[in-house]
1. Working carefully through the options Ile104, Ile116, find the one that is at pLDDT 90 or above, of a type in the set (A, V, I, L, M, F, W, C) and over 29 Å from Leu19 (Cβ atoms).
2. Only residues that are within 12 Å of Asn141 (Cα to Cα) and under 13 Å from the mean Cα position of the chain (by Cα): list them for the stretch 2-28, please.
3. Could we say that Leu76 is under 30 Å from Ile220 (Cβ atoms) and assigned by TED's automatic domain parsing to the domain that holds Gly17 here?
4. Checking Ile63 against (1) under 24 Å from the mean Cα position of the chain (by Cα); (2) at negative phi, which test does it fail?
Amino acid sequence: MTLAVVELRRDRNFTAGCLLGCGLFKFHIVLMLVVLLASLRRKGFVRGFALVFVILLLISVGISGWASLTAYPHFLMRLSSLPLAGIHPAVMANIRGLVSISGIVKNTAGLALIWIVSIWLLWYAWMSVKRSKSTFTDVTNLAFGNFVLVALLVSYHLSPTDLCIALLPIGLFSQYLAEHTGIPRWVRLSLLSSQCVLFLPPLHVISLAWHVYVYPIIPILIMFLLTSDENFRGIPRHVDRSDVISSFPAIS
């Protein structure tokens, strides 16, 4: 993902698509990310992803046979009911985990709620980029970071270790904050606070001790909503380094 965003910033869209295709072993995260990035209409991106997708599919068929194309989806559908499968929604920091521990709805109603919220988040992320008036490079930085967060949120399965992917949007958002001025103070402080909460150990230690690892979804949701907001995205002007230097008092 990190290499893909580097290639997108260099306008090497085909290579970026190929790189994201290499992440298909986490297809429940990567596919959502690719759908959102495809909405940016970067020429060659979808072709690169499709090429790697087909190559990996043929390699899988060569190893396991054509029957695997139907056997694997069937296995995934039954995975939650298998003993010792390690599928526990309460340890997933995503929408599925949040709905599961809420106790509001269960079974079919819970699944419907997960779908509704997930589709709304995907639509909201897409609309936030469509409304953006930032420069194209800024859209790439913010969109990629924001899209990674929403891909984590809507993924149907999420292991605690998958949250390491959030390091990428944290870096992209931090760079954006450093390069732009005019962002409301409360937005800046809220984003930095959320990044610190997610990055530092206390939240994770407490979540593991309580055996409910869904709580990291809170700073992730806050970061997603903040970086989707017009207050954050509508600032096209970069910081002038001379202005930054002159803003500090003289040190004698």
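The values are calculated or read from the model by the stated rules, or taken from the named source; none is laboratory data. Predicted model, so just to flag it, every value in this text is computed and none were measured. Counting neighbours? That spans all protein chains shown, and the Cβs are built from the backbone with ideal geometry, glycine included.
1. Working: Ile104 fails: at pLDDT 90 or above.
Ile116 is the lone residue from the list that is at pLDDT 90 or above, of a type in the set (A, V, I, L, M, F, W, C) and over 29 Å from Leu19 (Cβ atoms).
2. Once the filter is applied, which keeps residues that are within 12 Å of Asn141 (Cα to Cα) and under 13 Å from the mean Cα position of the chain (by Cα), the stretch 2-28 yields Thr2, Val5.
3. It is true that Leu76 is under 30 Å from Ile220 (Cβ atoms) and assigned by TED's automatic domain parsing to the domain that holds Gly17.
4. Against the list (1) under 24 Å from the mean Cα position of the chain (by Cα); (2) at negative phi, Ile63 comes up short only on (1).
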